[in-house]
Each structure stands twice: as C-alpha cells, then as structure tokens.
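The values are calculated or read from the model by the stated rules, or taken from the named source; none is laboratory data. A quick note: this is a predicted structure, and the numbers were derived from the prediction, not measured. Cβ: placed from backbone, ideal geometry, glycine included. Neighbour counts: every protein chain shown.
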C-alpha cells in the first residue's frame, strides 16, 4: 500500500515513543534522537509518493535505525580524522594512494558493467538487491516489505549476485 500523509502521520504518532526509545539507545542523545525522528519522517514522506509499502512499521524503524547508524559512522570518522591529524611535512612523505589512470579506467568499466547488470534485473530482483546491499535491510525485513517469503528473498539475491558476477567475468574475459 502507498502511504498518504495522514497515514504516515498516524504511524509516527502511534510509534513515536517506541521509535524514540530505540534511537536513544543507539545515539544516547534525546536531542539527536528527536532530529533523527524528524529526518525519518521527511525520508518516508518522499518515499510514500513513489513506492508501495507492505509493512510501514518495519520501514519506519529500519529507516530511523539506518539514519542513526549513518550519523554514528560519520561521527566516528570525524573524531578519528581529528585525532589522527598529521603535520603537513609528514603527509608530503607518504606515497600517493591514488589509482593510476589505467586502474581508474578499469574500475569505471567494472562499475558500468555491474550497473548495467543491476539495471537489467527484473524489477523485483533489483529491488531486493538494492534493499539488501545498498540500504542494509536483512532478508526478513525485505520479505516483510515485499510481502514474500525469506526463501524468495534469498533466491532473488542469488539471482542478482550471479548476474553481477557474470557481468564482471565477461569484462575480465574480454
């Protein structure tokens, strides 16, 4: 089902307390949890116009958790970067980790082949793959969202991975 603004508002009203507790456990800040709840609402509003949702509550909690995890990762990287600051002179002595032009071209070609393989997947298989690999959903969550069994999710993931692998192998053999 597609969520209307009113349905989304009702979902947030009924789940706000539980969602807040979950986010508080993750980020340990009442203010940040409140900000993440607002960001979740905005994200779901954008999705509600374009996607059909079979389990809105699961999507709500997964979206909020993903936003919290993203925030924590960003915070960890920023704190590590500050603590690992190196004087400019020492940094100049480090060899460049930038790929050679040939390596960069090869990487772009691989990416294009995988993207083409993903684009060529049937819609249900592509959605399953993207939910798992790019959005971090577990198989049981995807099954709930799509209204299918976990076995179907597993079969779709195997199909997607097989097709992506074949695309990479075809590049290596050319």
query = Do we find that residue 80 is at pLDDT below 85, more than 30 Å from residue 166 (Cα to Cα) and surrounded by fewer than 13 Cβ atoms within 10 Å (Cβ to Cβ) in this structure?
reply = yes
ask   = Do you know which of the residues in region 37-64 that are under 13 Å from the mean Cα position of the chain (by Cα) and touching a residue at least 60 places away in the same chain (Cβ under 8 Å) is surrounded by the most Cβ atoms within 10 Å (Cβ to Cβ)?
value = 59
task = Scan 11, 67, 19, 3 and give me the residue that is in contact (Cβ under 8 Å) with a residue 24 or more places away in the chain, within 18 Å of the chain's Cα centre (by Cα), surrounded by 18 or more Cβ atoms within 10 Å (Cβ to Cβ) and not assigned by TED's automatic domain parsing to the domain that holds residue 137.
result = 67
request  = Residues being outside any helix (DSSP H, G or I) and within 20 Å of residue 55 (Cα to Cα): count how many of those fall in region 148-174.
outcome  = 2
task = Kindly provide the set of residues from region 124-160 that are exposed (fewer than 13 other Cβ atoms within 10 Å of the Cβ) and within 22 Å of residue 107 (Cβ to Cβ), ordered by number.
result = 134
